[in-house]
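Quick notes on the structure that follows.
The values are calculated or read from the model by the stated rules, or taken from the named source; none is laboratory data. The structure presented is a predicted model; accordingly, all values stated were derived computationally and were not measured. Every residue, glycine as well, gets a Cβ built from its backbone with ideal geometry; the counts of neighbours run over all protein chains shown. Heads up: the accessible areas ignore ligands, DNA and RNA and are worked out on the full protein's heavy atoms, side chains in. Shrake-Rupley method; radii C 1.70, N 1.55, O 1.52, S 1.80 Å.
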Amino acid sequence: MEIKEIVKDVYAVGSKDPHRPLFDQLMPLSEGTSYNSYLIKGNDKIALIDTVYPPFEEEIENKLKNMGIERIDYIIANHGEQDHSGALPKLLEKYPMAKIVTNTKCKEITMGFLPLSDDQYVVIDDRSELDLGGKTLQFIFAPWVHWPDTMFTFLKEDGILFSTDFFGAHATNFDLFWENDPSIIPLAKGYYAEIMMPFARIFQKYLPMVEALNPTMIASSHGPIYRQPKFIIDLYKEWSGSHKKNQVVIVAVSMYGSTTQMVDYLKEQLEKQGVTVKLYDAVHLNMNALACDLVDSAGLIVATPTVLTGPHPAVVEPIFLANVLKPTLKYVGLIGSYSWGTMVAQKVKEMLGNLKDTTILEPVLSKGTPKEQDFEALNKLVEQIEQIHKEL
Ligand code: FEO
């Protein structure tokens, strides 16, 4: 990524990583990601907001050198995760007079995995300010967006909100700014689903806080800068709100076809009622697509045969994912078959313990291949789902 001027004396100096295939060794990236870092030149002091992922530390060093930056006074650490803090030691070698400006929690986290010492930090309070000379930085603590240390930095004179991971997108096909082009939505939604969704409930507090700042731009630590902040704020309101689509996700695996028969029947009956069914094969799962559909689907149905009294291992991963991502689902259901005994219902319920506001529907489990009474039970399940969807 080239050096870009955002407004006078504020520059994007981060890096693009377009070939990175996975984030956290878990999430597939369709176009890689970016690690955004911003340089602010005040009349008196120079500050860098966040650094980059360590493989790109040489790149940022070269950029700063090419800009003729001989002195950095402050490196603002909005968040301690290594994709933003990892280059701190290297940059402090280059700019030894610089102080890391951050909160207590971020200091503790960064000192935990980087060779940094106490005297390299300046710890700030919520809403405290740092005057660079004509450029004033205000620090706004925003814990659990998405770690306990996360904070925003607001550049008051220019109205730019540096929002750390909040409003991010794993994207690289952008120049610098993003207008209201909807093509970013799948990337921003995938990012939201995997990183932000577990904390959706507290966004009811943070989104009005962001709106109250009335930023001219939102510059997150991944993806483009939004010059019409309302675009991304409104998307976050939609995704974190209680409105759900007339849609259900089914994650299914079958060994000998009995569970498949039940899935096919359930899908057909739901679709007859106008419900959109997003069916995922648990053996060949796209985690990103599943996470995105969990953002706004009303329900999740797990379809699994019983394997040694529990769920098939292929559905364990998506169940685990749903439990940790905490989508605001209205209901979860379970269908499947067993041969000689099952504890699958208890086990799946235990595995979804985080979904406290979600109704667990009566499971439909068939002994052997599904028979008339099992299809009757599936009809009742469809009626229940239909009733819930009517109330959406
Ligand atoms: Fe992009 Fe939580 O780091």
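Laid out as a table, the results:
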quantity	calculated
Per-pair calculated FRET efficiency, R0 = 51 Å: His19 and Asp44 via Cβ, rounded to 0.05	0.80
Within-11-Å neighbourhood charge of Thr260 [Cβ basis; K, R +1; D, E -1]	-1
Backbone HN-Hα couplings from phi across segment 152-162 [Karplus 6.51/-1.76/1.60, Hz, Gly and Pro as x]	9, 10, 10, 8, 5, 4, 9, x, 9, 9, 8
Sequence-distant residues sharing a close amide H with Lys4 (under 5 Å, placed H)	Ala12
At most 10 other Cβ within 10 Å, DSSP loop - trypsin sites (Lys or Arg not before Pro), segment 101-151	Arg127
For Gly274, net neighbour charge (Lys/Arg +1, Asp/Glu -1) across residues whose Cβ lies under 15 Å away	+1
Equivalent-ellipsoid semi-axes of segment 4-240, from the Cα gyration tensor, Å, largest first	25, 19, 18
Positive-end extreme of charge dipole, segment 60-207 - chosen from Met197, Thr110, Ser163 (charges on Cβ)	Met197
Under-5 Å amide H pairs with Tyr280, H placed in peptide plane, nonlocal only	Ile250, Val251, Ala252
Estimated inter-spin distance, Lys65 and Glu179, nm [label 7 Å along Cα→Cβ]	3.8 nm
Theoretical FRET efficiency, 1/(1+(r/R0)^6), r = Cβ-Cβ of Lys371 and Lys156, R0 45 Å, to 0.05	0.05
Inter-site label distance for His284 and Trp144 at 7 Å from Cα along Cβ, in nm	3.9 nm
Net +/- balance of residues flanking Gly14 in space, Cβ distance below 11 Å, scoring K and R +1, D and E -1	-2
Whole-Hz ³J(HN,Hα) from phi, Karplus 6.51 cos²θ - 1.76 cosθ + 1.60, for segment 49-62, glycine and proline x	9, 6, 10, 9, 5, x, x, 10, 5, 5, 4, 5, 4, 5
Antiparallel DSSP beta bridges within segment 213-292, as percent of all bridges there, nearest 5	25 percent
Added length on full extension, which subtracts the Cα-Cα distance from 0.36 nm per residue, Lys245 to Asp264	4.7 nm
Rounded to 5, the percent of DSSP beta bridges in segment 226-350 classed as antiparallel	10 percent
Vicinal HN-Hα couplings computed from phi for segment 215-227 (Karplus, 6.51 cos²θ - 1.76 cosθ + 1.60; Hz; Gly/Pro x)	x, 7, 8, 10, 10, 8, 8, 9, x, x, 8, 8, 8
Segment 113-167 - charge dipole about Cα centre, Lys and Arg +1 at Cβ, Asp and Glu -1, debye rounded to 20	160 debye
Stokes-Einstein diffusion coefficient of segment 37-87, Kirkwood radius over Cα pairs, 37 °C, 0.692 mPa s, in µm²/s	294 µm²/s
Spatially proximal lysines relative to Lys380 (Cα-Cα < 26 Å; intrachain offsets below 8 disregarded)	Lys244, Lys245, Lys267, Lys272, Lys278, Lys330, Lys347, Lys349, Lys356, Lys367, Lys371, Lys390
Most to least packed among 215-221, 347-353, 140-146 [average Cβ atoms within 10 Å]	215-221, 140-146, 347-353
Label-to-label distance, nm, for residues given as Met97 and Leu26 (7 Å Cα→Cβ offset)	4.3 nm
Beta bridge orientation in segment 4-240: antiparallel %, DSSP, nearest 5	65 percent
Computed magnitude of the charge dipole of the chain (debye, nearest 20; Cβ of K, R +1, Cβ of D, E -1)	600 debye
Accessible-area composition of segment 4-240, carbon plus sulfur, in percent [1.4 Å probe]	52 percent
Among His146, Leu176, Ser34 the positive-end extreme of the charge dipole of the chain (Cβ point charges)	His146
Sequence-distant residues sharing a close amide H with Ile225 (under 5 Å, placed H)	Phe177, Trp178
